[in-house]
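To start, the structure itself, in structure tokens.
Since every read-out is calculated from the coordinates, none of them should be taken as a lab result. Model, not experiment: these values are computed from the prediction. Backbone-built Cβ (ideal geometry, glycine too); neighbour counts: all protein chains shown.
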Amino acid sequence: MVQSAYKSFFVRQREGDLEVGTWDGLWGVLTLITLRKCADRAAYYGAGKRDVAREIAPRPADSGPVGAEALALDRDPLPDEAAILAETVEALFRSVDDPDERAILELSLQGFTTPEISDKLGRAERSVRRLRERVRKRLERMQLDG
């Protein structure tokens, strides 16, 4: 990142786009260029298809829940929540005709990650992600319709 910032600085300086009067001004410009490059990289890697937050492996059982998910994971579901979940899962399984989607749905509900499902089914990770996305969209449609 630093080399990229230096390159941008020297290219813009050569073209006459920058005017740096003091050492403090130089460091300020280099800092600003670097911060903007970091923000651009963060936006790039946080974009929809590349966002690692979309797929998070479950925590090991011995590590306690942390943060906002602690409230959701730290208690048993209430009876009506459990009933709604069971009905939703049952309806989701009824809506899945493709045997591969069904297998991926079953393994996903058992807590397997995309690489693990890929290994178990002998499918490419990309295919597994694509089929999981299809199931997720089906579930979203069910929520909107319901």
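If you take all other residues with their beta carbon under 12 Å from the beta carbon of Ser118, and give Lys and Arg +1 and Asp and Glu -1, the sum is +2. Under the simplified labelling scheme, the Asp98-Arg138 pair shows an inter-label distance of 0.8 nm, with each label point 7 Å from Cα along Cα→Cβ. Among 117-128, 92-103, the peptide with the highest mean count of other Cβ atoms within 10 Å heads the list, and the full ranking is 117-128, 92-103. Spacing of the modelled spin labels on Ser4 and Thr88, each 7 Å from Cα toward Cβ, amounts to 3.8 nm.
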